[in-house]
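Below is one structure, written out as structure tokens; comments come after it.
The values are calculated or read from the model by the stated rules, or taken from the named source; none is laboratory data. Keep in mind that what you see is a predicted model, and the values were worked out from it rather than measured. Ideal geometry is used to build each Cβ from the backbone, glycine not excepted, and the neighbour counts take in all protein chains shown.
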Amino acid sequence: MSRFDPVSTAPVPERAILMGVDWRDNAWPIDRSLDELERLADTAGATVVARLTQKLDRPIPKSYIGSGKVEELRGFVNRLDADVVIFDDDLSPSQQSYLERALGEPVKIIDRTALILDIFGLHARTREGRLQVQLAQLQYLLPRLRGMWSHLAKEQTRGGIGSRFGQGETQLEVDCRMIRNRISALRHELKELEKRRAVQSKWRANSPAFRVALAGYTNAGKSTVLNRLTGSDVLAQDKLFATLDPTTRSYELPGGRAITITDTVGFIQKLPHGLVEAFKSTLSEVRDSDLILKVVDISDDDRHRQIDAVEHVLREVGAGACSAVTVFNKIDLLDSDHIEALKRRFPDAVFFSALTGEGLQDLQTRIAREAAASDALVSCEIPYREGALIAAIRKQGQVLSEAFFDDHVSMVCRVPARIAARLQPFRTE
Ligand SMILES: Nc1nc2c(ncn2[C@@H]2O[C@H](COP(=O)(O)OP(=O)(O)OP(=O)(O)O)[C@@H](O)[C@H]2O)c(=O)[nH]1
Ligand SMILES: [Mg+2]
């Protein structure tokens, strides 16, 4: 079927060429990085028709890649009738517009960041998620407007259709101002939402439930882990960045202890800093948790590089020092000898399959152990008027001994850190 088939009503997938630079000190081998870029392109609805690479020590300031490579790329674009060239690293606005001119209209030049921003735009569901993505997209767009308008400026000197649009520079200035206004409106709106989130998280901080957050590389299986543990039905898909907005579920551990588990956006190597910035308030869910479960897809050959990338983002959001447990997920995809060897190598990790449930008990036991370890042993005398606090101790903690007096109860108990803080005024030693 031709791509211009007049009968088909489905959107025609864009034909994409991937362009990667093999830097001398690449953390990822270029092929693996391009495999991932291809999955991102696929998630965004494009079909990859070719991949090109070049070995370089550093980017060429004007054109990013060498001039011979630009020519080669142009040949590929024409021969393969490509709609878009996707660079695996960030291009500066001027490199992007130079390449667009060099390769000729109508091919689009985008980079990894633009592709990720596009996918985020497709997957954002909540108001906050959509605003965060819009903000990051406009911030990306603003410095690139000049390049876009240069096409129209060119048209103006030639006359004809397009030449009557706006007035070159003035129109550019109008657009820049509009985008800047929109950016500050978005910032304002997000601040308001953030305040609301702060109220919620303060409320949660007062609630003694132990808070667990799932973090990890995109597609590691975080949402499936949440579903397996809590019996929920959040979207889990073999797609990159299926989850964008955080979901929190309460959950009762087998011993009866109530905890909450939060699933959130996945990480990726070369995650654009602007996006981390835009998602700061969403990612605060991870930073403010009592325990991070670092979910790793053990079946992925790149798992070590993925772990490094996740550590990098966690540090960036200020969650680098939080207590954490590594969960090697998808053990159903490995043979048992391999798993045994890995267990010996990583004695502290939990081995789990969110798909089959294998290792569920180990995971539950481990969470319970971590929760118990964060508890404090407290002796206190609590006046009866603090009924809610007494009830919280009974519900969330363990009463080891108690004696009743006229106006207070005297207790020795083991309680979560947040209850221990509330017991501070009533402590007896
Ligand atoms: N074989 C196997 N597949 C799994 C397991 N856990 C998750 N998957 C699959 O891996 C894919 C990704 O799972 P998700 O739960 O969406 O992953 P995620 O980490 O939430 O990914 P994003 O939200 O996209 O960042 C889905 O196709 C799941 O069915 C597992 O234990 N074994
Ligand atoms: Mg998910």
Fill in the blank from the handout: Filtering strands (runs of 3 or more DSSP E) wholly in region 169-283 for at least 1 residues that are without any contact (Cβ under 8 Å) to a residue 60 or more places away in the chain gives 247-252, 258-263
Handout entry: Members of region 235-245 that are within 10 Å of the chain's Cα centre (by Cα), within 10 Å of residue 263 (Cβ to Cβ) and near ligand 1 (Cβ under 6 Å from one of its atoms)
Key = 243
Completion exercise
Residues of region 246-282 being more than 13 Å from ligand 1 (Cβ to nearest atom) and aliphatic (A, V, I, L, M), in sequence order, are 253, 258, 259, 275, 276, 278
Problem - Meets criteria (away from ligand 1 (no atom under 12 Å from the Cβ) and touching a residue at least 12 places away in the same chain (Cβ under 8 Å)) for residue 315 - result: no
Handout entry: The listed residue being within 16 Å of ligand 2 (Cβ to nearest atom), surrounded by 14 or more Cβ atoms within 10 Å (Cβ to Cβ) and acidic (Asp, Glu), out of 233, 245, 238
Key = 245
Exercise for the section: Can you confirm whether region 251-259 contains a residue that is buried (at least 19 other Cβ atoms within 10 Å of the Cβ) and either at pLDDT 95 or above or farther than 30 Å from residue 416 by Cα (or both)? Expected result: no
Problem - Spans of helices (runs of 4 or more DSSP H) in region 1-113 with at least 3 residues surrounded by fewer than 17 Cβ atoms within 10 Å (Cβ to Cβ) and out of contact with any helix residue (DSSP H, G or I) (no Cβ under 8 Å at 6 or more places or on another chain) - result: 30-43, 67-80
Practice task
Please work out if residue 367 is more than 16 Å from ligand 1 (Cβ to nearest atom) and farther than 30 Å from residue 268 by Cβ.
Solution key: no
